[in-house]
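Just so it is clear, none of the values below were taken in a lab; they were calculated from the coordinates. Quick caveat: nothing in here was measured; it's all calculated off a predicted structure. Virtual Cβ from ideal backbone geometry, glycine too; neighbours counted across all protein chains shown.
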Number of protein chains: 2
Amino acid sequence: MANYLSLTKQELSNTFEQVKKEYETLKNNNLSLDMSRGKPGFDQLDLCGGLLDTVGEKYGYIAMKGTDCRNYGGLEGIDELRSLFGQVLGVEYEDVICGGNSSLQMMFDTITQGMISGFGGEPWSKQGKIKFLCPAPGYDRHFAICEYYGIEMITIENNADGPDMDSVEKFVKDPLVKGIWCVPKYSNPSGITYSDEVVKRIAALKPAAKDFRVMWDNAYAIHDLYDEGDKLLNIYEECKKVNNEDLVIMFTSTSKISYPGAGIAVEAASPLNMQIIKSRMKIQTIGPNKLNQLMHARTFSSYDKLTQHMKRHASVLRPKFETVLNSLNHHLKDTGVAEWTEPRGGYFISLNVLEGCAKRVGELCKEAGLTITTPGATYPYGKDPKDSNLRIAPSYPSVAELEMASEVLCVAVKYACLEKLINQAK
Amino acid sequence: MANYLSLTKQELSNTFEQVKKEYETLKNNNLSLDMSRGKPGFDQLDLCGGLLDTVGEKYGYIAMKGTDCRNYGGLEGIDELRSLFGQVLGVEYEDVICGGNSSLQMMFDTITQGMISGFGGEPWSKQGKIKFLCPAPGYDRHFAICEYYGIEMITIENNADGPDMDSVEKFVKDPLVKGIWCVPKYSNPSGITYSDEVVKRIAALKPAAKDFRVMWDNAYAIHDLYDEGDKLLNIYEECKKVNNEDLVIMFTSTSKISYPGAGIAVEAASPLNMQIIKSRMKIQTIGPNKLNQLMHARTFSSYDKLTQHMKRHASVLRPKFETVLNSLNHHLKDTGVAEWTEPRGGYFISLNVLEGCAKRVGELCKEAGLTITTPGATYPYGKDPKDSNLRIAPSYPSVAELEMASEVLCVAVKYACLEKLINQAK
């Protein structure tokens, strides 16, 4: 395939005319496809078929320690599930809280607590214009929490091995910098996993602010696409090695293990952080939905069963990722206007197109009936400074739909980039 | 029975000796009984036996509008349940949000939002030392939220027809007064229901603070003990009549309908309030556990079925309430040192003993193996100015246990009050 960057003006025009025709043909198919959110597909929802049928009149309602899960109580969740997620996150079960259905809510509530009650120091909201470090491209819902609270976001380059640590180490010298958002494994959206060195450097951070916290959103902790998955270093162990265990607050959930809307969210942290978090939680609620927790504990009765279950998700997701990646390779390889990640897990592919073209790609996709994540969403304030990054979510459509969707996407990328190159050549 | 207040010194001593013997005998039984929390008993938990078996592989996961309840989405909850609780609260379904398992959490989050983002005006936390009106005796968890946030609590007398409205109307002239906690039906702990006049006066409040909100915790909306229950005027209708619809935010839950730990919490309010609340919720979460909502919608498929179900709760609870009330009547009637409410619904009986004796009653109960709600808990800051009020929760123990527990309680009341009268007579 020709490298667009080395084409003459005339060659660009010719190629554009051809791409335009392809685009118009695709547009006439009146498609309605969605690659915008990391939403599991129906085929994945069915993998947990028996979950709801593990608790009820026939099987009872009693958890390990004799707790009747129907009644009030149990702020931290049931022990068998705390223990399981302790294994997932590599911490003791005492350091784990199993909550409701939304880890986003746990993160929001944790930031809220920082704002209004603080993490040991004054409430963040009383310390002036506080700031958060936001490795980008990153997860839009993390950034939305900061934006909602008026927390200034500082964009940190997210490289192939994790956030640019030189930058991070520089910025944490500012006492107004109170935290950093991390999706350390199969990062949203790039799919990369933090290297051991990056994890160690994060664990060893000595921020000027004593109430600085690493928001470690390990959403894809066991979400490998292949038998050989990425390995993430245990940040909590690394923190402990350097007497820094209060630095990090960890999150995960079963949203992409059991049911997206009805899973179990998990928060884990050091005894001091737990004490702070629980001092709020005990005022906020009497306890989580333990019946749903018991269903999960009975369905995933060991760590081994849990990882076996994840292989079934992988077998559904792998062909979807490969369909998109094959299409990108087929249509865009060597064009010089696009590059993308090839994640070994998680829910996203990150596609970078020629600078200044991402928004236009989004428009063209939309006109042709394909919804992709709003370009810019992967950056703080929804503004990608290079207008280059696109997040592709292959989980929800079927493989057949993904074939069409990827073609639309690739043609739109060609269209937008050629259009720009032609304009530049004028 | 003798009125203790008219006994001579010698008669008091004689009676006390007798009561002391009774108390020692009871103490030797080594009881372990709990009347401290409004926790439904096992017999009530079993009333919802089939609830978990209404959704699953056999019955599917699809709500009315075709929503797959397993997946993400649906911030406001599923429509069939919003509609049902619209009927319970007397509002349109559009004004209702069905959430997770905890209405306490919804209230906490609503107050938090007031503190940090505000209700139209500046955040409450930026307006100085804000205040809340706290009709008392009242619900300790409401007061705990205020205490957690350093919101100054102003105690309002809770009379037989609701809060003392002269006081309320006076205090709302202070622009730092931002709200009032109300449990309008079968109030916690007195069991009284607000009169029509009180509801109308609340609805017509014109507080100096535009961001003043009535926190209307209608926890016992349909929780009658008898066929003929108390009638509560629809506050939202009354507010609308006087163009005051943004004044009130309503809450209820199924914690005492289905399962205490795994029910559905409900928040309802005017379009403006909903807009404010949802502007936070959409950042905080992707949506509630819709599978649990679907189970509830299928179990309580009409308002009629719901109220029929409540009659089954009543048939379990009524004998428990009557056991305690009979015991109070038998032991304490005409002693002049105790008076109590005879609620027609809800979860509590409020017992007022001779001033300065409630804490002592608590101690004596504890020593004899009976846990009651910590005396003082029904007042702001846990301090009952008269040290007189005790909250009795008859729902959790069995009738047989309640017979013993009530006897312990009554003897402890006699003991504490006689002790005080003797000391006074010295």
HN-Hα J in Hz across the range B:134-151 - Karplus 6.51, -1.76, 1.60, θ = phi - 60°, x for Gly and Pro: 10, x, 9, x, x, 8, 4, 6, 4, 5, 4, 5, 4, 5, 4, 8, x, 7
Computed over the range A:61-301: relative contact order in percent, which uses C-alpha pairs under 8 Å that are six or more apart: 27 percent
Note, ³J(HN,Hα) from phi for the range A:387-400, Karplus 6.51, -1.76, 1.60, rounded to Hz, x at Gly and Pro: 6, 10, 8, 10, 9, 10, 10, x, 6, 7, x, 6, 4, 4
Label spacing, shortest first and in nm, from B:Asp334 to its equivalents in the remaining copies (7 angstrom along Cα→Cβ): 10.7
√(5λ) per eigenvalue of the Cα gyration tensor, the range B:146-242, largest first, Å: 23, 16, 12
Which of B:Gly376, B:Pro394, B:Val408, positive extreme of dipole for the range B:353-426 (C-beta unit charges): B:Gly376
Top of A:Lys414, A:Lys178, A:Lys282 by mean-square fluctuation, Gaussian network on chain A, Cα under 10 Å: A:Lys282
Copies compared at B:Glu122 - label distances in nm, ascending, label defined 7 Å from Cα in the Cβ direction: 1.7
Dipole moment magnitude, nearest 20 debye, the protein assembly as shown about Cα centre, only Lys, Arg, Asp, Glu C-beta charged: 880 debye
Among B:Phe16, B:Phe85, B:Phe119, residue whose mean-square fluctuation peaks in a GNM of chain B (springs only between Cα atoms under 10 Å): B:Phe16
For A:Gly56, residues with placed amide H under 5 Å, excluding near neighbours: none
Amide H contacts of B:Gly369 (H built 1.01 Å from N, under 5 Å, at least 5 apart or other chain): none
Kirkwood hydrodynamic radius (C-alpha pairs) into Stokes-Einstein, the range B:1-138, 20 °C and 1.002 mPa s, D in µm²/s: 98 µm²/s
Violating pairs (Cα-Cα greater than 22 angstrom) within the set B:Lys210/B:Lys231; B:Lys131/B:Lys210; B:Lys210/B:Lys278; A:Lys383/B:Lys290; B:Lys39/B:Lys278; B:Lys178/B:Lys206: B:Lys210/B:Lys231; A:Lys383/B:Lys290; B:Lys39/B:Lys278
Within the range A:151-182: backbone nitrogen closer than 20 Å to the A:Glu339 label point (7 Å, Cα to C-beta): A:156-167
Percent RCO, i.e. relative contact order, over chain A, from Cα pairs under 8 Å lying at least 6 residues apart: 26 percent
For the range A:343-360 versus the range A:53-104, the gap between their alpha-carbon centres in whole angstrom: 37 Å
Bridge type composition, the range A:61-301 - antiparallel percent by DSSP, nearest 5: 40 percent
Normalised contact order of the range B:328-403, rounded percent, pairs of Cα under 8 Å and 6 or more residues apart: 29 percent
Principal semi-axes in Å for the range B:275-416 [√(5λ), Cα gyration tensor, largest first]: 37, 22, 13
Range of Cα positions in the range A:206-266 per principal axis (Å), largest first: 39, 28, 14
Copies compared at A:Gln308 - label distances in nm, ascending, label defined 7 Å from Cα in the Cβ direction: 4.3
Ratio Rg/Rh [Cα only; Rh per Kirkwood] for chain A: 1.00
Under 5 Å, built H, 5+ apart or other chain: amide partners of A:Arg213: A:Gly179, A:Ile180
Descending semi-axes in Å of the range A:348-411, equivalent ellipsoid built from Cα gyration tensor: 20, 12, 9
Helix axis angle, B:271-284 relative to chain B longest principal axis, alpha carbon, degrees: 90 degrees
Between the range B:146-200 and the range A:163-224, the alpha-carbon center distance in angstrom: 47 Å
Projected label distance in nm at A:Glu197 and B:Glu237, using a 7 Å step from Cα toward the beta-carbon: 7.2 nm
Pair B:Leu75, B:Gln308: separation of 7 Å Cα→Cβ label points (nm): 3.7 nm
Cα-based convex hull volume of the range B:61-301 per residue, rounded to whole Å³: 116 Å³
Dimensionless Rg over Rh [the range B:84-212; C-alpha; Kirkwood]: 0.95
Rg/Rh for the range A:167-212, where both radii come from Cα atoms and Rh is the Kirkwood radius: 1.01
Within 10 Å of each Cβ in B:99-111, the average number of Cβ atoms from other chains: 5
Gaussian network model of chain B, Cα within-10 Å springs - most flexible of B:Asn158, B:Asn244, B:Asn101: B:Asn244
Shape metrics for the protein assembly as shown, restricted to C-alpha atoms - Rg then Dmax, Å: 30.3, 118
